[in-house]
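Working notes, beginning with the structure itself.
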Amino acid sequence: MRLSTRKLLDRSFSGLGVFAILLMVGALLVLLAPIAARGSRAFVFRATVEHRQFMLEESGRGDHDAIDAEIRAAAEVRRKAYDMIARFEEELEAAGRSERRELRRSLREVKDHLAGLLGPAPGNARPVLLRDQYGQTRWDRALVGLGDFLYVTEYDYSDPSGMGRPLLVPRVDGFRGTSLEPLFAYVEQNLERMLRPRLTFYWRFLFDEGRDAHFFGGIWPAVLGTLYLTIGTMLIAAPVGIASAVYLAEFAGEGWLISLIRTCIGTLAGVPSIVFGLFGLAFFINTLGVSDSKSVLAGCLTLAVLVLPTVIRASEEAILAVPKTYKEASLSLGAGQGSTVLRVILPAALPGILTSVIISMGRAAGETAPIIFTAAVSLGRPLSLRQTLSQPTPALPWNIYNLCTEHEAVDQIRHVQYGMVLTLVLLVLLLNLAAILLRARLARRLAG
Amino acid sequence: MKRSTLRTVILLAVASAFALAVQTRGVHAQESTAGSTKIVVDGSTTVGPIAKAFAEHYMGLHPEVNITVSESGSGNGAKSLINGVCDVADMSRFMKEREFKAAVEKGVMPVAHVVAMDGLPIIVHPSNPVKALTVQQVRDIYTGKITNWREVGGPNVRIVKISRDTNSGTYETFAKLIMKKEKIAPDTEHVGSNGAVRQRVQSTPAAIGYAGLGFVDRTVKALGINGVYPDRESVRSGRYPIARPLFMFTDGYPALGTRLHAFVTLHLSPKGQEIIEDIGFVPVTDY
């Protein structure tokens, strides 16, 4: 091959490498940018006076007098709308019977939509569900609610060959010529004064418990549950995994039994995670009975079994990579095999072992399938350390799935779902970062 | 010397593990006399919203209690109760004979608490001009005899059939009341929860599906069945043909005065009825 061809090939190869890296960065951006953009809306959003009222009444946060003044000011603007409805109801009494029934049904819808925006009308009994006790807490949701208040979506079925086309019909059309007609324009123009949106940084989203099926509050039980599961898993998997790796690398020698065990570990690493989940349910809960229901402990054990192969394999590689001379030097100085492993080989292999633990930690935090049957629930309190032995917990990966597929009103609480996704991604990132820093420090100390 | 420290560490670890185990056992004994502070609820995704709202309501009044709710389907709820890993099994269908047998063999005596009534609206995309079907037509759609909306008065569009998975109590109800032992066509899509059915239907103009009453909102259109539209009144009176009770099962009737008893009888209180009504289901105790 001529030199110029070789150079060209060489250059195109590095070009390919750069292209691959750029592609990866691009993919990462495409993936992470929407997560960050949408997820941050759970933390930073324009909160209405309803949000502040909720915070004050449910957890005593905020300046009592200032919020009271705000509520009064908002109520002043709202009163005009309620007065219009009251006047219209009086007028309705005078109308004919058939006309009355039709208008009454439309009025019912108007009032329902208004209650969704502003909370229950004054004078009405306090509803039992929190979501009905307050109006929209977020301005972005309030604007969606305003659209539903102003327009009815009807469908035009006139074309028999296809599906109907959606038509936005102004709700006010049903009330032309009545005293309710000005209500719609009034609400549209004054909604901002009725709800008083203000940009709010709700950092407590992380540390608040969710209220009323995530309509209010934050995601603390799920965050804490994920932390418990991740750390608990590593507490079990790391010692067991490293001990097995030491045994396999230093003491086991060669033999058909050992190679069978190695093959089994390799196979285990390829088993789908849902199989581990079912195994955990059948073995740890139903057979061993480590707890009398799903529990964090059972989840940790299951996740530990899941990540063990990775920990064992990578740790073994790290131990085998320690130069033979270290071991020989230690043995020649009269150290026993045990202390050679503990004091010479393991410290030298520690950075590699930590890498395996780091990778496994990220996996344990994000796995959903193994914890469905062993640890995760869609609603629960944040647990104390002792409760983790016997009680299940919400956990981020499961709750994200649960919210988007099973929640009865998911369209109204998408921000919570995105917030959870962002938190999970950041959590895994932070765990990894911490471990990488630790590893770097260790490596430096060992080198020096 | 070094070896002995290692031994001490291992001994300490084993000892502390034992201590922890003994300690938790002690806690269990203590709890069982005062009524457990932990209630584990598992099962139907239809009953899920009720169970979650009840749990939050109850925990609001009794902050020392932790009620956990998972929604894994009626079948899984029954299995959990039989295996003794949950206290309350939410179910949107009654227990089957073999589930009862399995339960009794394990010493679990299932007791049913009917917490609410539910209709099973047949839902389509709101752009679909079809307003009503008969039970026979719905059955023919799901068996595959009717494959085009044109055959039931709609446009010339192929029907996309959405059904629940076979672990679901909603599926069982549908199979019993609509399909009447006929097989659902193999080209039907099976999804895992009520919410997933609604999302599939609201995003697919040609779709048809079914879900619990509490899951039907303005983004989908409920069809009239045999001329009756599903609402509280028609479900309560039995005029709507696809209605069913929603259950919570416990192992035996819970001892009076326990938290478990209070939880599974919450639907009898005025607050409980209001919660059920607000979520969109029909209270049983409506006089």
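The values are calculated or read from the model by the stated rules, or taken from the named source; none is laboratory data. Every value quoted in this text rests on a predicted model; they were computed, and no experiment measured them. Virtual Cβ from ideal backbone geometry, glycine too; neighbours counted across all protein chains shown.
Take the residues in region A:1-49 that are touching a Lys or Arg at 6+ places or on another chain (Cβ under 9 Å) and assigned to a helix (DSSP H, G or I); name whichever of them is farthest from A:VAL77 (Cα to Cα). Once the filter is applied, the top-ranked residue is A:ARG38. The set of residues in region A:374-408 being part of a loop (DSSP other than H, G, I, E, B), under 17 Å from the mean Cα position of the chain (by Cα) and under 16 Å from A:ASP212 (Cβ atoms) consists of A:SER378, A:GLY380, A:ARG381, A:PRO394, A:HIS407.
For every residue, the table says whether it meets (1) charged (D, E, K, R); (2) closer than 24 Å to B:VAL284 by Cβ; (3) in contact with a Leu (Cβ under 8 Å, 6 or more places away or on another chain); (4) within 14 Å of chain A (Cβ to nearest Cβ).
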{"position": "B:LYS181", "(1), (2), (3), (4)": "yes, no, no, no"}
{"position": "B:ILE184", "(1), (2), (3), (4)": "no, no, no, no"}
{"position": "B:THR188", "(1), (2), (3), (4)": "no, no, no, no"}
{"position": "B:VAL191", "(1), (2), (3), (4)": "no, no, no, yes"}
{"position": "B:ALA196", "(1), (2), (3), (4)": "no, no, no, yes"}
{"position": "B:TYR210", "(1), (2), (3), (4)": "no, yes, yes, no"}
{"position": "B:PHE215", "(1), (2), (3), (4)": "no, yes, no, yes"}
{"position": "B:VAL220", "(1), (2), (3), (4)": "no, no, no, yes"}
{"position": "B:GLY227", "(1), (2), (3), (4)": "no, no, no, no"}
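With respect to the conditions (1) within 14 Å of chain A (Cβ to nearest Cβ); (2) under 20 Å from the mean Cα position of the chain (by Cα); (3) among the β-branched types (Val, Ile, Thr), B:VAL264 lacks only one, and its number is (1).
Return the residues of region A:163-183 that are within 14 Å of chain B (Cβ to nearest Cβ) and either closer than 28 Å to A:GLU91 by Cα or surrounded by 15 or more Cβ atoms within 10 Å (Cβ to Cβ) (or both); say none if nothing qualifies. The answer is A:MET163, A:GLY164, A:LEU168, A:VAL169, A:ARG171.
Of the set (1) within 11 Å of chain B (Cβ to nearest Cβ); (2) surrounded by fewer than 24 Cβ atoms within 10 Å (Cβ to Cβ), all apply to A:VAL425 but (1). Note on region B:111-142: residues that are touching a residue at least 40 places away in the same chain (Cβ under 8 Å) and not in a strand (DSSP E or B) total 14.
Residues B:ASP187, B:ASP231: which one is within 22 Å of the chain's Cα centre (by Cα) and not assigned by TED's automatic domain parsing to the domain that holds B:SER74? Can you show your working first?
Values: B:ASP187 fails: within 22 Å of the chain's Cα centre (by Cα).
Going through B:ASP187, B:ASP231 in turn, the sole match is B:ASP231.
Of everything in region B:54-66 that's in contact with a Lys or Arg (Cβ under 8 Å, 6 or more places away or on another chain) and at the interface with another protein chain (Cβ under 10 Å from one of its Cβ atoms), which residue is nearest to A:SER293 (Cα to Cα)? Checking each candidate, the answer is B:ASN66. Here region B:267-287 is the region considered, the condition is being within 10 Å of another protein chain (Cβ to nearest Cβ) and charged (D, E, K, R), and the residue that is nearest to B:LYS38 (Cα to Cα) is B:LYS271. Which one of these is more than 30 Å from B:SER72 (Cβ to Cβ) and among the hydroxyl-bearing types (Ser, Thr, Tyr): A:THR267, A:THR287, A:THR340? After applying the criteria, what remains is A:THR340. The set of residues from region B:200-217 being over 14 Å from the mean Cα position of the chain (by Cα) and modelled with pLDDT under 90 comprises B:VAL216, B:ASP217.
Do we have A:LEU206 as touching a Cys at 6+ places or on another chain (Cβ under 9 Å) and at pLDDT 90 or above here? The answer is no for A:LEU206.
Residue-wise test of (1) surrounded by 20 or more Cβ atoms within 10 Å (Cβ to Cβ); (2) out of contact with any His (no Cβ under 6 Å at 6 or more places or on another chain); (3) outside any helix (DSSP H, G or I); (4) outside the structural domain of A:LEU422 (by TED's automatic domain parsing).
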position: A:ALA185; (1), (2), (3), (4): no, yes, no, yes
position: A:GLU188; (1), (2), (3), (4): no, yes, no, yes
position: A:HIS214; (1), (2), (3), (4): yes, yes, yes, yes
position: A:VAL240; (1), (2), (3), (4): no, yes, no, no
position: A:SER259; (1), (2), (3), (4): no, yes, no, no
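Looking at region B:150-170 only, could you name the residues that are touching a helix residue (DSSP H, G or I) at 6+ places or on another chain (Cβ under 9 Å), in contact (Cβ under 8 Å) with a residue 12 or more places away in the chain and either farther than 30 Å from A:ILE400 by Cα or away from every other protein chain (no Cβ under 13 Å) (or both)? Of everything in region B:150-170, those that are touching a helix residue (DSSP H, G or I) at 6+ places or on another chain (Cβ under 9 Å), in contact (Cβ under 8 Å) with a residue 12 or more places away in the chain and either farther than 30 Å from A:ILE400 by Cα or away from every other protein chain (no Cβ under 13 Å) (or both) turn out to be B:VAL152, B:PRO155, B:VAL157, B:ARG158, B:ILE159, B:LYS161, B:ILE162, B:SER163, B:THR166, B:GLY169. For A:TYR134, the conditions (1) crowded, with 16+ Cβ neighbours inside 10 Å; (2) among the hydroxyl-bearing types (Ser, Thr, Tyr); (3) without any contact (Cβ under 8 Å) to a residue 24 or more places away in the chain are fulfilled apart from (3).
Among the residues of region A:266-282 satisfying the criterion of being assigned to a helix (DSSP H, G or I) and among the aliphatic types (A, V, I, L, M), which is modelled with the lowest pLDDT?
Residues of region A:266-282 assigned to a helix (DSSP H, G or I): A:266-269, A:273-282.
Cutting the leftovers down to among the aliphatic types (A, V, I, L, M) gives us A:268-269, A:274-275, A:278, A:281-282.
Values: A:LEU268: 91, A:ALA269: 88, A:ILE274: 93, A:VAL275: 95, A:LEU278: 94, A:LEU281: 92, A:ALA282: 93.
Checked region A:266-282; the qualifying residue modelled with the lowest pLDDT is A:ALA269.
Of the residues examined, A:TYR151 is one that is surrounded by fewer than 18 Cβ atoms within 10 Å (Cβ to Cβ), within 14 Å of another protein chain (Cβ to nearest Cβ) and within 30 Å of A:ARG46 (Cβ to Cβ).
One line per residue, one yes/no per condition, for (1) part of a loop (DSSP other than H, G, I, E, B); (2) at the interface with chain A (Cβ under 8 Å from one of its Cβ atoms); (3) modelled with pLDDT of 90 or more:
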residue	(1), (2), (3)
B:LEU11	no, no, no
B:ARG25	no, no, no
B:GLN30	no, no, no
B:THR68	no, yes, yes
B:CYS86	yes, yes, yes
B:ALA89	no, no, yes
B:ARG98	no, no, yes
B:ALA103	no, no, yes
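Can you confirm whether region A:373-393 contains a residue that is away from chain B (no Cβ under 14 Å) and modelled with pLDDT of 90 or more? Reasoning before the result, please.
Filtering region A:373-393 down to residues away from chain B (no Cβ under 14 Å) leaves none.
Looking for residues that are away from chain B (no Cβ under 14 Å) and modelled with pLDDT of 90 or more, one finds none in region A:373-393, hence no.
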